[in-house]
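Comments concern the structure below.
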Amino acid sequence: MKITVDEQLKKFYLAFINKSNPKDCHWVPAVGHEIQVGKYRFCAIPAFDHINVSEVTTGLQFLKVPMTPKIYQMTSNKEDTLKLFESVGEDLIRIINKHSTAVIDKSLIEQRKDIFNMLGEMPPIEVFDMEGDAE
């Protein structure tokens, strides 16, 4: 499977599901990079103590990469960050290969349906302009 990391920052929307209060479920905007692994698309969103890797069409977390000192150092510049996300793509390939693509596809279809029923349609993914969006 081919791994492609988009160097352009984008605004994605993650599904926030509050199981204790279903009325408090919503799409949460987050900025990061897209990682495409074969036909699957993910977003890598740096957080305080981890990197959240979510599937793009559902906004559901697929992988959580702990923010170790080594990873923190690797994300100090764009070039190294993109290399890190490429290695995350390799981890995603291992996860995908562990399950069949038919199982993953079926699961994503079901999750999309459930998430959209709870939250409505996901807002569109947008290119993130750091200077323009910061104002």
**Asked** Can you give the accessible area of Met1 in Å² (nearest 10), computed on protein heavy atoms with a 1.4 Å probe?
**Response** 110
**Request:** Taking every Cα atom in segment 12-70, find the radius of gyration and the maximum pairwise distance Dmax, and write them in Å.
**Result:** 12.3, 39
**Asked** If ligands, DNA and RNA are left out, what is the accessible area of Val103 with a 1.4 Å probe, given in Å² to the nearest 10?
**Response** 90
**Item:** Long-range amide H partners of Lys11 with built H, under 5 Å
**Value:** Glu126, Val127, Phe128
**Message:** Given bins 10 angstrom wide, list per bin the percent of all Cα-Cα distances in segment 71-135, short to long.
**Reply:** 16, 24, 36, 23, 1
**Dimensions (Å) - segment 26-104, Cα atoms, principal axes, largest first** = 37, 30, 18
**Item:** Longest to shortest principal axis, alpha-carbon extents of the chain, angstrom
**Value:** 42, 39, 26
**Fill in**
CD proxy, 222 nm, the chain: helix-only mean residue ellipticity via -39,500 (n - 2.57) per DSSP H run with n ≥ 4, per residue, nearest 500, stands at -12000 deg cm²/dmol
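The values are calculated or read from the model by the stated rules, or taken from the named source; none is laboratory data. Quick caveat: nothing in here was measured; it's all calculated off a predicted structure. Just so you know, the surface numbers come from the protein's heavy atoms only, side chains and all, with ligands and any DNA or RNA stripped out. Shrake-Rupley method; radii C 1.70, N 1.55, O 1.52, S 1.80 Å.
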